[in-house]
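J.: Before I ask anything, here is the structure I am working with.
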Amino acid sequence: MEEIGQQASVPLGSMAMGGNFHTITRNDLTTYVLEAGRRYWPAGAVPDDPCREDIDPGELGSDWCYVELPEWAADIGIDGRLLVDRRSIASGPGTDFERCDWFLAGFAHLSGIAQVKIERSLGPAHSYSFRLKGIPSDLFDRAWANRIMLFIRRRAARLAGKEEDAFLGPMPEGQITLTHDVDALDKTVAIRLKQGLFNLFNLVRLLARGDIREARSAALGASRMVFARLSYDHLETVAEMAEARGLISAFHLYAGRGAGNPGLRKWLFDPSYRIDDPRLLSFVRKYKERGFEFGLHPSFESWNSTASITREKEALERTLGVNAKTVRQHWLRFSWEGTWRAQSESGLSVDSTLGFNDRSGFRAGAALTYRPWDFVRNRPHDIAVLPLVLMDSHLYDYSPMTPTSRRAAMAGILGEVMRVGGEGAVLWHPHALASDYGWREGFEDLLDLISRQ
């Protein structure tokens, strides 16, 4: 354990950083963080730190460190520490937690500034953490922004000489939102090809580490994926399994396929069904009456196109008779500076794309519904974000696990959301309940974990 006041540096090292940033006034920064964390102070306002200056976001995101918390707040941290941008710690006397600008520390996480800089230099990483070279994985392991807000809350009550609940209101309860992206109703050649390659890759990994038993199972799975003929229409099964545990979930539906030749890229990556498929019409009609929600799952190439997202949203609403307000981009295709603007201009209200394809965790260090910062217009975006913290492929495709380790991984992510009184979305694809995937047991475990929270 480090002594209070010492830092464990997690530097990014030399990395190309692109673009100039507008200066953010102290008042705007404080207002932004207070609004993002409003669930932590429903009954009162938290005072800002005095004598803090306006900031240049270009100075943030390049160097991170752990700050040791005082004994009265040690339980808020991980091993008594919080991970912050080093720029948020002022020089001078006193301990690091006393000199830390906690509002700036929260902003550095919420804004995703380190990732925005990489995107401006190298283009979008979309949703693959391995493309974010130089950013320490520690940033994504915990809901650091929530923990920072918990510290702000406790410190404010302590300075006021009052109990937290009496001063700022009760602690919020954690909320897990169960979601499903409908990527397939039928097993297509494109799916056989894509998922078969995933299975073969995992087979090679298992053989390389000498796990013959699991490798044999993976080989059988790859064979079933390529050759078995199965229905992928498991929408009602997923909904009924959730309902049986008292859960209501949200389905994101694709509405981008029109008449004519879709082209190779669209054929390979986009769902093959049409939004007017009778199976969809029947399902939506039945489960809309039972409180399930239906949002948009835009096409692979739509991630920065207002026109495409608008066209697909209108087709979804017109055909299914729903009012689509929620959205998640297909394949989590995403740009910090393009996607949310396109979505909000299309009339959408809440996006849950903010996560990774290749790992679970907290992409902006946050388990919060909040409005992300728009560095182009120097203000919050018009759309709110509900971070995606876990999905099925994290547990199977990208990190093959045993049933025991898989359940522990799910419990760890959900437990972090609940411990900080946060909010997060989890994703399970309905077609993954087909026997050639073999992921049904994992979904049952997930439902049990959520229903017990």
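J.: Which is farthest toward the positive dipole end of the chain among L332, L150, G80, measuring Cα position about the Cα centre, with Cβ charges +1 (Lys, Arg) and -1 (Asp, Glu)?
T.: L332
J.: Take every DSSP beta bridge with both residues inside segment 319-453 and express the antiparallel ones as a percent of the total, to the nearest 5.
T.: Details: 3 of 10 bridges.
Bridges in segment 319-453 that DSSP calls antiparallel: roughly 30 percent.
J.: Using the Cα centre of the chain as origin and beta-carbon charges of +1 (Lys, Arg) and -1 (Asp, Glu), tell me which of H22, L390, P136 is placed farthest towards the positive end of the dipole.
T.: L390
J.: Determine, for each peptide in 399-406, 339-346, 231-238, the mean count of other beta carbons within 10 angstrom over its residues, then list the peptides with the highest first.
T.: 339-346, 231-238, 399-406
J.: I've got another one for you. Identify all lysines with a Cα-Cα distance to K266 below 17 Å; exclude those on the same chain that are fewer than 8 residues away in sequence.
T.: Result set, ordered by chain and number: K187, K194.
J.: Next question, about the same structure. Could you tell me which residue out of S62, A45, L122 lies farthest along the dipole of the chain toward its positive end? Charges go on the beta carbon: Lys and Arg +1, Asp and Glu -1, centred on the Cα centre.
T.: The Cα lying farthest towards the positive end belongs to L122.
J.: How many Å² of accessible area per residue for the chain, probe 1.4 Å?
T.: 41
J.: Which order do the peptides 33-45, 352-364 take when ranked by the mean count of other beta-carbon atoms within 10 Å per residue, highest first?
T.: 352-364, 33-45
J.: Something else now. Compute the acute angle (0 to 90°) between the alpha-carbon long axis of helix 144-160 and the principal axis of greatest extent of the alpha-carbon atoms of the chain; round to the nearest 10°.
T.: 30
J.: Moving on to the next point. Please state the charge dipole magnitude for segment 127-172, taken about the Cα centre, from unit charges on C-beta atoms (+1 on K and R, -1 on D and E), reported in debye and rounded to the nearest 20.
T.: The calculated dipole for segment 127-172 is roughly 180 debye.
J.: Here's another thing I want to ask about it. With +1 on each Lys and Arg Cβ and -1 on each Asp and Glu Cβ, how big is the dipole of segment 302-453 about its Cα centre, in debye rounded to the nearest 20? If you can, show how the numbers build up before the last one.
T.: Details: 17 positive and 18 negative charges, 73 e Å.
Rounded to the nearest 20 debye, it is 340 debye.
J.: Expressed as an acute angle from 0 to 90° and rounded to the nearest 10, what is the orientation of the C-alpha long axis of helix 306-320 relative to the principal long axis of the chain?
T.: That works out to roughly 60 degrees.
J.: List the GluC sites (Glu not before Pro) within segment 273-311 that fall in a DSSP loop (any state other than H, G, I, E or B) and whose Cβ has at most 12 other Cβ atoms within 10 Å.
T.: Listed in order of number, the matching sites are E289.
J.: OK, next. Given charges of +1 on the Cβ of Lys and Arg and -1 on the Cβ of Asp and Glu, with all other atoms neutral, how large is the dipole of segment 328-412 about its Cα centre, in debye to the nearest 20?
T.: Around 160 debye, computed over segment 328-412.
J.: I'd like the Karplus ³J(HN,Hα) series for segment 364-372: coefficients 6.51, -1.76, 1.60, θ = phi - 60°, whole numbers in Hz, and an x wherever there's a Gly or Pro.
T.: 10, x, 10, 10, 8, 8, 8, 9, x
J.: For K325, give me every one of the lysines with a C-alpha distance below 23 angstrom, ignoring sequence neighbours fewer than eight places off in its own chain.
T.: Correct list for K325: K286, K288, K313.
J.: Follow-up. Rounded to a whole number, what % of the accessible area of segment 96-163 do carbon and sulfur atoms account for, probe 1.4 Å?
T.: Taking all protein chains in place, segment 96-163 shows 48 percent carbon and sulfur surface.
J.: Here is a follow-up. Given N residues in segment 232-320, what is its alpha carbon radius of gyration divided by 2.2 N^0.38 Å?
T.: Normalised Rg, Cα atoms only: 1.16.
J.: Divide by every residue of the chain the summed helix terms, -39500 (n - 2.57) for each DSSP H run of at least 4, and state the resulting mean residue ellipticity at 222 nm, rounded to the nearest 500 deg cm²/dmol.
T.: It lands at -12000 deg cm²/dmol.
J.: A further question on this structure: Output the 0 to 90 degree angle, nearest 10, between the alpha-carbon long axis of helix 26-36 and the longest principal axis computed from the alpha carbons of the chain.
T.: 50
J.: Considering only protein heavy atoms and a 1.4 Å probe, what is the carbon-and-sulfur percentage of the accessible area of segment 368-430?
T.: 60
J.: Collect residues whose amide H, placed 1.01 Å from N in the peptide plane, falls under 5 Å from the amide H of M391; neighbours closer than 5 in sequence don't count.
T.: The answer is L427.
J.: Students often forget the sequence filter, so: which lysines lie under 24 Å Cα-Cα from K117 once same-chain residues fewer than 8 apart are removed?
T.: K133
The values are calculated or read from the model by the stated rules, or taken from the named source; none is laboratory data. As the structure is a prediction and not an experimental result, all values here were calculated from the model. Reconstructed Cβ throughout: ideal geometry from the backbone, glycine too, with neighbour counts over all protein chains shown. Accessible surface areas use protein heavy atoms only, side chains included; no ligands, DNA or RNA. Shrake-Rupley method; radii C 1.70, N 1.55, O 1.52, S 1.80 Å.
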